[in-house]
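Every read-out reported here was derived from the displayed coordinates using simple, explicitly stated rules and does not represent laboratory data. Computed from a predicted model, the values in this text were never measured in an experiment. Here Cβ is always computed from backbone atoms with ideal geometry, including for glycine, and neighbour counts include all displayed protein chains.
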Ligand SMILES: Cc1cc2nc3c(=O)[nH]c(=O)nc-3n(C[C@H](O)[C@H](O)[C@H](O)COP(=O)(O)OP(=O)(O)OC[C@H]3O[C@@H](n4cnc5c(N)ncnc54)[C@H](O)[C@@H]3O)c2cc1C
């Protein structure tokens, strides 16, 4: 069987590895539009649900070498008052760790494994899918090369669109969908070299988006110099009409969002210093797409952001692509016929992930902070118990974990 994987991002490379782990004789090809791979992006969280998959692919140690193993989530108000610290990953009793990692490092680990296991000749950079067709016997994919160079069309038994938020494969089935939907929130992102803060492995969320703006801050590389500094990833979210281009590499301006965070200077983290010492600023709009009820069309299916672009919240953008990859490879193993396998994959994954897309819009994990800021009207609290009980906090947190599939029961059931 010959697989055409369109897109050499996190989902496409994970799929290549998941297929290779189950089918030694499958001819797997990854086609990537970019002419070369670069360590692009900033921080990504890999929660235990997808680290299980990466561990089963034999990659846990490779990730450990480059990532920070997160110990806890920390939720704080914009005044710097800590509401809740919740252990995560192995610190919460999971079998698998929670890694906070630079996307470029994650991509390099996956790419290296694909090259070692499949061979460098199976990864085709400079191949931008422009159109495709299918018949009873297979799929024909047509690519444009670097600067539009002509490339021979390729035949395969099935094709997977892992071509990201601007997916050409998705567009051919949903031609009138338009651009990703902007809901009035913009993100600015960066990385700062600094001394470890809190536990040195704390994934921290500060402030309530709809009242004050919000920061997510977490380290993604340890010991980057002889002084024990870390590379710390930050994401500032602000409710605004300002919409950046839907391009993960688009630059941003500090002055567009700094006023929201200027006085956020706590004894455990100086946010002003964090933001103003950043090595550059990127900007990205909080976009997703309305969920669709079909990803599979005969011998062609969608995976990752092509299938379900979601708000980058709760550590799920990359994770759900990795989980899709495993599910698709397992479905192909269970069914002889690719048409049936692609449908079985959709049946398993679509309802779960569509629910995450909607939950990321309405009640991400940091809604704990929204509740507190709303009840205190943004003032400092004297006694947290009078504002919110531990049970209520844990209920919000566990509710999201269940939707996303990284609660202990769901992971143990895999
Ligand atoms: C450059 C970049 C930087 C990112 N940075 C971050 C970040 O900092 N934080 C974060 O949370 N998420 C980031 N993301 C998004 C994140 O990687 C995805 O949300 C998630 O990992 C799901 O992975 P995916 O494989 O579905 O999509 P992606 O990782 O986006 O991969 C899609 C791949 O398909 C390729 N492609 C697109 N069109 C075609 C085509 N027509 N033919 C062939 N190949 C095509 C793209 O070049 C890309 O390599 C970034 C994505 C990219 C591409």
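Some notes on this structure:
- Radius of gyration (Cα atoms) of the chain, expressed as a multiple of 2.2 N^0.38 Å: 0.98.
- Values of log10 I(q)/I(0) for the stretch 250-393 across q = 0.10, 0.14 Å⁻¹ run -0.56, -0.87, by the Debye formula with one identical scatterer at each alpha carbon and no solvent.
- Remark: 220, 28, 352, 83 ranked as 352, 83, 28, 220, counting other beta-carbon atoms within 10 Å and listing the fewest first.
- Relative contact order for the stretch 348-414, counting Cα pairs under 8 Å that sit 6 or more residues apart, in percent: 42 percent
- C-alpha long axis of helix 10-22 to longest principal axis of the chain, angle in °: 60 degrees
- Our helix-only sum for the chain, with -39,500 (n - 2.57) per DSSP H run of n ≥ 4 divided by its residues, gives a mean residue ellipticity at 222 nm of -10000 deg cm²/dmol.
- Measuring between their Cα centroids, the stretch 74-121 and the stretch 20-51 lie 15 Å from each other.
- The chain - percent relative contact order, Cα under 8 Å, separation 6 or more: 20 percent
- Angle of helix 390-404 to the longest C-alpha principal axis of the chain, folded into 0 to 90 degrees and rounded to 10: 10°.
- Distance between the C-alpha centres of the stretch 274-325 and the stretch 359-411: 23 Å, rounded to the whole angstrom.
- Ordered by the count of other Cβ atoms within 10 Å of each Cβ, fewest first, 240, 376, 77 give 240, 376, 77.
- Given their separation in residues at 0.36 nm each and the Cα-Cα distance between them, residue 227 and residue 152 gain 21.7 nm when the chain is fully extended.
- For 88, 140, order by how many other beta-carbon atoms lie within 10 Å, fewest first: 140, 88
- Helix 338-362 axis, angle to the chain major axis (alpha carbon atoms, nearest 10°): 20 degrees
- Label point distance in nm, residue 136-residue 333, each placed 7 Å from Cα along Cα→Cβ: 3.2 nm
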